[in-house]
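The values are calculated or read from the model by the stated rules, or taken from the named source; none is laboratory data. This one's a predicted model, so the numbers in the text were calculated from it and none came from an experiment. Backbone-built Cβ (ideal geometry, glycine too); neighbour counts: all protein chains shown. Calculation scope for accessible area: heavy atoms of the full protein, side chains included, ligands and nucleic acids excluded. Shrake-Rupley method; radii C 1.70, N 1.55, O 1.52, S 1.80 Å.
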Amino acid sequence: MTQLGGDRNGAGTVLSGWIKTHPRDVSVLMEYGNLLLQGGNETGARKQFEQVLKLQPYNAAALNNVAWTLQKSDPARAMKLISQAAKISPRPGEILDTLAWIPGLFR
């Protein structure tokens, strides 16, 4: 989704408004989570990705993104989630990248 000509706040308003009336729209939940993550709001992003996991527990991208947001605060859960994502979708670079960033993984 284009960020409304670079207007991150405007894009966030549009996406969050859509989610209020369409809370099961996984594509928009993921897009909004990604927008929040890019803006540095890991807590808000994680909330969106966790909602995706409630709807689609085996969504590899959502598992990866939750793991990414938890890598410092809860590395054990992050490792569990990214391992699950890697089993579901073993090749995507994003999953391999997150695996490499989990603290203590290669120690």
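Hey, any hits in region 37-58 for a residue that's aromatic (Phe, Trp, Tyr), part of a helix (DSSP H, G or I) and open to solvent by 40 Å² or more (accessible area, probe 1.4 Å)?
no
Confirm whether ILE102 is over 12 Å from the mean Cα position of the chain (by Cα), buried (at least 16 other Cβ atoms within 10 Å of the Cβ) and farther than 24 Å from ARG24 by Cβ.
yes
Looking at GLY12, GLY33, can you tell me which residue is out of contact with any Gly (no Cβ under 7 Å at 6 or more places or on another chain), in contact (Cβ under 8 Å) with a residue 24 or more places away in the chain and under 23 Å from ALA100 (Cβ atoms)?
GLY33
Spot the failing condition for GLU94; the list is (1) surrounded by fewer than 20 Cβ atoms within 10 Å (Cβ to Cβ); (2) under 23 Å from ARG24 (Cα atoms); (3) not polar (S, T, N, Q), and only one is missed.
(2)
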